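One structure is given here, and the rest of the page talks about it.
Derivation of every value follows stated rules applied to the coordinates shown; laboratory data play no part. Remember, predicted model here, so these are calculated numbers, not experimental data. Methodologically, a virtual Cβ is constructed for each residue, glycine included, from the backbone with ideal geometry; neighbour enumeration extends over all protein chains shown.
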Amino acid sequence: MISTMESIEELDPDGQWWVHERPFRHIRAQNVLRKEAYAQLEAAFAKIRDGTTATDKPQLQTRQGYDALMVAMTKQLAAEFAPLFDHRWIALLARLLDLPLLPQVDGGLHHIPMGSRSGWVHNDYCSAWFDAGTEGDVVLPDRTKCDYFTGRPKADAARPREFIRAGTMIFYLDNGDWRPGAGGETGLYPTARAGIGTVTGIPPVSNSLLLFRCSPHSYHRLIANPGCARNSIILWLHETVQHATGVWGNAVTRRKVT
Amino acid sequence: MRPVCVITGSAGSLGSALSRTLLATHEVAAIYRQNLPDVASQLRTPADLSGEPPNPGSRNQAYCIQGDLTNDADTRRIVEVVLARFGRIDVVINSAADIRYHGNLLDIGFDSDAVERQLVTNCVAPMKLVSVIFHEFWKHEGRANAQNNRCVVNISSVSGLYVFPSVGQSFYSASKAALNFLTVHLAYELSPYSVRSNAVCPVRFPESVPTEKVVSTVQEVIASHGTGEVVEVRRNSSSR
């Protein structure tokens, strides 16, 4: 623990990180960042959240069939939301999930307005496309080159390369009003059918996180939040297709250019 | 092998605190109904940020068993699993409880069966668990029971000792008073087999007494040789 704690100075040394085994292996952490580091992230997030309602061109946008307001991660935003999109952080998450370290990550800011509906149960285990020409120790999808979900080229020079989502991190922040009963938990499920088996709800307590290996079993969804808004930062790690199929065979949801 | 302690209601604040503390001296079988106990176990281990893989089989982890103690089949299965894993049971701490206040007695004619279920959870289920353990293990172990100072500790409440009017806790209070009497009856019945039975009656924790104080009182009762005692726990003292 010491080596990582020393290399990521923003981590709270009193943070509690636990590996849970059911309904699938996942990690929950509380008091993740030191107070000052957390306060910076929350302030940056609140600025963008407030901009949603204050301007005609909000950064946060809805996606069809989903009540959440989202903004995809960009290089500029990633710098603002360090250390979460720093290569040291990526390395920590990869180690915790026992994944080969790859620089390809995606992410976003999510604001779920109060009164939103539950999301659909899904496992995140699907294709994700990056342009092969982009390099660095942290590589975010260049959405001007190719579609992240399908690999559809958007530029002549694009070289779409398929990866598979390998890990999901949800960092909860700016949820000071949240109380039990307010909703907005992340539900974890043993199967794709919500309501079958035990539902584990991860409360969106500020400065806590949920981390899990994406797999054919990592079923989860947002639970409706009648009590208050729910805010989070999401980050996905990726693996090569070869690595994914080596582990899970044909259970990977492949998405290709259509 | 370290002594084996079965703790019911281990996901509650007291049950989790007991589980964490007793892990230092006992193997702990942590029984829970819905939420996971707040203790290292085969289901929940501290993550090592240096990247070491989790080690679900290591020592100083409780062994969690899910079950509903108001269901007889679950109770028997729980005892079977504990004995299959550990081979013995030395201490049983009945801390599972329905702690709700169901309001005025004059209104229960229109209520559901909540009060009946409270009585079953708080008084009947602990006795059934002890009964199954007795028949599965303690019945023929008289000498070993004495050598290992085996015992039952029932977590009761000061509400089972005194009447606090006007707070709607009549059935909760009655269930704990019944548990106190059952504890003493149990002490008589277990006496020939050298198993002790005591109750611990804290005031509300952590508001009126620190949870740690309740835990340390339970430890003292486990280490003692008394039986048939009902121990009241207040902030600055414990009295029998």
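The GNM of chain B, with springs linking C-alpha atoms under 10 angstrom apart, assigns the highest mean-square fluctuation among B:Ser112, B:Ser194, B:Ser224 to B:Ser112. Between A:Arg117 and A:Phe149, the simple label model (points 7 Å from Cα in the Cβ direction) yields a spacing of 1.6 nm.
Amide H contacts of A:Ala128 (H built 1.01 Å from N, in plane; Pro and chain starts excluded): A:Phe163, A:Ile164, A:Arg165 sit under 5 Å, all sequence-distant by 5 or more or on other chains.
Take the Cα of B:Arg204, step 7 Å along the line toward its Cβ, and report every residue of the stretch B:97-114 whose backbone nitrogen sits under 20 Å from that point. Output list for this probe position: B:97-105.
Taking the C-alpha atoms only, the angle from helix B:211-223 to the longest principal axis of chain B is near 70 degrees. So how tilted is helix B:170-190 from the main axis of chain B? Cα-based, degrees 0 to 90, rounded to 10. That works out to roughly 60 degrees. Scanning residues 5 or more positions from A:Asp12 or on other chains, those with amide H under 5 Å from its amide H are A:Leu33, A:Arg34, with H placed 1.01 Å from N in the peptide plane. Towards the positive end of the charge dipole of the stretch A:84-152, with charges on Cβ (+1 Lys, Arg; -1 Asp, Glu), say which of A:Ala132, A:Thr144, A:His87 has the farthest Cα. Value computed over the given set: A:Thr144.
Dipole check for the protein assembly as shown: with +1 at the C-beta of Lys and Arg, -1 at the C-beta of Asp and Glu, and the Cα centre as origin, the magnitude is about 720 Debye.
Shown for the protein assembly as shown: lysine pairs separated by 8 or more places, or found on different chains, whose C-alpha atoms are under 27 Å apart, numbering 17.
Take the Cα of B:Arg240, step 7 Å along the line toward its Cβ, and report every residue of the stretch B:166-205 whose backbone nitrogen sits under 19 Å from that point. Only B:180-203 fall inside the zone, counting backbone N under 19 Å.
For the stretch A:163-228, trypsin sites (Lys or Arg not before Pro) meeting the loop criterion (DSSP other than H, G, I, E, B) and having at most 13 other Cβ atoms within 10 Å: A:Arg193.
Taking the Cα centre of the stretch B:73-145 as origin and assigning +1 to Lys and Arg Cβ atoms and -1 to Asp and Glu Cβ atoms, the resulting dipole is close to 440 debye.
A Förster distance of 25 Å, applied to the separation of the beta-carbon atoms of B:Arg143 and B:Gln219, puts the FRET efficiency at 0.50. Since only B:Ala187, B:Thr211, B:Gly226 are under comparison, the one whose Cα sits farthest along the positive direction of the charge dipole of the stretch B:178-240, derived from C-beta charges on Lys, Arg, Asp and Glu, is B:Thr211. Here each label is just a point 7 Å from Cα along the line to Cβ, and for B:Tyr101 and A:Asp137 those points are 5.8 nm apart. Between the Cα long axis of helix B:125-136 and the first principal axis of chain B there is an angle of about 40°, rounded to the nearest 10. Working from label points 7 Å from Cα in the Cα-to-Cβ sense, the B:Ser131 to B:Ser50 distance is 5.2 nm. Here r is the Cβ-Cβ distance between B:Glu212 and A:Lys75 and R0 is 45 Å; the resulting FRET efficiency, rounded to 0.05, is 0.35.
Across chain A, the fraction of Cα-Cα pairs farther apart than 32 Å, rounded to a whole number, is 18%.
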